[in-house]
Structures are given as C-alpha cells and as structure tokens.
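Engineer: Mind having a look at this structure? Questions to follow.
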Amino acid sequence: MTETIVVTEVKNQLVVASPGPQGARGKSILNGSGAPANNLGLKDDFYFNTTNNDFYGPKLSDTTWDGATVVQLATKDDVSFSHSWEIGQVTGPVSGIYSLPITHNLGFYPNVTVKTSAGDILETGIDYNSINQITLTMAQPFSGTAYLS
C-alpha cells in the first residue's frame with residue numbers, strides 16, 4: 001500500500017500546529033555615555049561607553065557590572081594613517097620600478113588606498129616590509145597620498 005501526502009498551499013498564511021518551547025533570553029549590547037549604571041542590563045549583557053570607547057562585559061550578575069571585563073576599543077584615528085608625498089621623494093628607477101617607503105607604526109599590515117595629487121585612485125605595488133612599514137612601487141613616479149587603515 002502506498003501512502004499519499006496531500007499538500008495544500010494557501011498564500012499569505014502560515015499555520016503552526018504546535019509551537020516549541022520558549023528559548024533562552026538573548027544577550028543585549030547596551031550603550032550610553034559614561035560607565036553603565038548597575039541597574040542597567042541583566043547577567044551576560046554587554047555595554048559600550050560612547051564617550052571613551054570602553055566595552056564592558058559580559059555582566060556577571062543582574063545587579064552589578066563589578067567584575068565585568070572592560071576593554072578599550074580602538075577608534076578610527078587609532079587604526080588609520082595617511083602619508084602625502086611629492087614626486088621628488090619617489091626614488092628610482094631600479095629595474096624600471098620607482099619606490100616610496102612609508103613608515104606608519106600602526107602595528108599591523110594595513111589596507112592601502114593610493115590617490116594621485118589630482119585625486120585619481122591608482123593601483124600600485126605594495127610591499128609589506130614589516131607591521132610598521134610599507135613600500136609603494138610604481139611604473140612612473142607621481143605625487144599623491146596613501147591612506148592606510
């Protein structure tokens with residue numbers, strides 16, 4: 001004997017025959033200026049201080065933020081750098097390649113966008129010498145600005 005299943009579609013209607021049990025409460029990321037008040041949030045919540053970029057959490061109890069980890073988050077200014085140069089600062093050519101070393105001291109290998117002094121975005125070669133220095137390589141020397149983030 002073959003069983004038959006009949007499916008009827010009704011547009012814009014959803015029928016749930018038996019809902020499941022209630023899930024656990026989700027965690028919240030709260031925010032405000034200054035440190036969080038103890039009555040703000042519940043256990044396992046997080047808090048972001050918009051004044052100084054401190055990130056708290058998770059909250060260890062419903063009644064206090066005491067004992068919560070506090071981390072100072074980096075700002076845009078902490079992780080960005082720009083360097084402008086004139087055409088006379090570009091060295092070369094060596095084997096047909098011009099170069100410009102840039103020391104940025106960001107402490108990581110940044111994303112790099114290069115614009116000419118006329119405002120055009122150019123693709124150049126980028127050698128990551130270290131976590132604090134790059135060298136731009138180019139076919140022709142030009143003046144411009146490198147934006148690192």
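The numbers here are math on the coordinates, done by the rules we state, and not lab data. This one's a predicted model, so the numbers in the text were calculated from it and none came from an experiment.
Engineer: Between rounded, prolate and oblate, where does the chain land on the alpha carbon gyration tensor, with a ≥ b ≥ c its root eigenvalues, rounded for a/c under 1.5, else prolate if a/b exceeds b/c?
Structural biologist: Here the chain falls in the oblate category.
Engineer: While we're looking at this one, here's another question. Direction-averaged shadow area of the convex hull around the Cα atoms of the range 26-73, nm²?
Structural biologist: About 2.8 nm², averaged over all directions.
Engineer: Once you have a ≥ b ≥ c as the square roots of the Cα gyration tensor eigenvalues for the range 77-148, tell me rounded if a/c is under 1.5, and otherwise prolate or oblate according to whether a/b is larger than b/c.
Structural biologist: oblate
Engineer: Pick out which of GLN22, GLN89, GLN72 has the largest mean-square fluctuation in a Gaussian network model of the chain, springs linking Cα atoms closer than 10 Å.
Structural biologist: GLN22
Engineer: Between VAL70, VAL94, VAL114, where does the largest GNM mean-square fluctuation fall for the chain, given springs only between Cα atoms within less than 10 Å?
Structural biologist: Taking springs between Cα atoms under 10 Å, the residue moving most is VAL94.
Engineer: Further question on the same structure: List the relative contact order of the range 14-149 as a percent without decimals, with contacts defined as Cα pairs under 8 Å and 6+ residues apart.
Structural biologist: 18 percent
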